[in-house]
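The values are calculated or read from the model by the stated rules, or taken from the named source; none is laboratory data. This structure is a prediction, so every number in the text was calculated from the model and none was measured. Heads up, the Cβs are rebuilt from the backbone with ideal geometry, glycines too, and the neighbour counts pull from every protein chain shown. The accessibility values were calculated without ligands, DNA or RNA, using every heavy atom of the protein model including side chains. Shrake-Rupley method; radii C 1.70, N 1.55, O 1.52, S 1.80 Å.
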Amino acid sequence: MSHDSTAAPDAAARKLSGRRRKEIVAVLLFSGGPIFESSIPLSVFGIDRQDAGVPRYRLLVAAGEEGPLRTTGGLELTAPHGLEAISRAGTVVVPAWRSITSPPPEEALDALRRAHEEALDALRRAHEEGARIVGLCTGAFVLAAAGLLDGRPATTHWMYAPTLAKRYPSVHVDPRELFVDDGDVLTSAGTAAGIDLCLHIVRTDHGNEAAGALARRLVVPPRRSGGQERYLDRSLPEEIGADPLAEVVAWALEHLHEQFDVETLAARAYMSRRTFDRRFRSLTGSAPLQWLITQRVLQAQRLLETSDYSVDEVAGRCGFRSPVALRGHFRRQLGSSPAAYRAAYRARRPQGERPVDPDSVVGPPPALPQEAPVPMQTRRTAAASSLGPAASLSTEPGKHGSHGSHGSHGSHGSHGSHGSELYAAGRPSLPGQRSAP
């Protein structure tokens, strides 16, 4: 599901300055970026499909650093333009960034910093002059490094969302959305969600008919319902492995079938509740209560997919205090009841395949097929209300209180409160990225 922000109508209506043209789309590439994500805006905006009723864009591909640019499979690319091409574009797309965890070799660090700072400056200048800035998947890290996501709602691949929020605490990261349109700055989740966002841009510029014609050419749905919830996993930043809290996290994951609360985890870490909450947030970017509820829902998904347990039994085996609690949290996170989720999942399985005892399964269960017709609804306010204050773990829906005291993000309202509850502050690591004040 997409989120179209209504918080920045003035930004969306800004006029382009100088020699920028609305129909010009610049795609900014960096070495090490995956070829799939990099090719999405090239295919959407770089091919003439006027015969199918799709208005033509003019594509300029720019290198964000000296080439040739290496990509997936050891391929090398040479971009026809440099950063000067960005100065003519009405839309600038950053489709990907290289690994978010691997720093460059020390001997190349200074040169890369200079090149990256020039690229970030070009993005900032483009935004100041009215250009629409787009980050697909890990491209959101580049936008954040330029300071263009400060105080804004944004998304990225669910696996990288905790890291994005931790490194850039002023960004209101929502890992549940396929894409977020905040007027003049737009971000998307991983891979296929980049197609969703590019279609949305065409729809915004030229209407539903043009976007539908393009979708038919690409053989994809004009609009996808749902969000990234069905793909969320037990994701935590990689650096947790070296932290003493890793043992507590591992214990929690192994004992989800038991009823325990955040106080139990704090005691196992030999910390006060307040200290534990602060350490857990700073390490993972997530409130411990929300993280624990999410893990219980994920475990329920697995059991619904791989067993014949009743919904009541699933609730007990996932540590929920009642089936009502399971149903409430399951619907809030996935937009579907447990029974409807199981029915939709089984409708997609090969004929004759039977559930198995989850205790005998080695490795993770099969993921829900992307095209499964599970009704999904990503609602910022509903999701936020299910988190509750981190004062106690009550898995009964409706007993979690309000998030109003957990911080406000100015004019963004519900976007900010939701993002701040899920993710917390961290430290920058990409060259040129900015810390929150």
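Legend: calculated FRET efficiency, Gln259 to Asp51, from the Cβ-Cβ distance at R0 = 60 Å, rounded to 0.05, equals 0.45. Remark: spin-label model distance Leu218-Ala344 equals 2.2 nm, labels positioned 7 Å along the Cα→Cβ axis. Between Glu313 and Arg19, the modelled labels are 7.1 nm apart [label points 7 Å from Cα along Cα→Cβ]. Of the solvent-accessible surface of region 137-196, computed with a 1.4 Å probe and all protein chains present, 54% belongs to carbon and sulfur.
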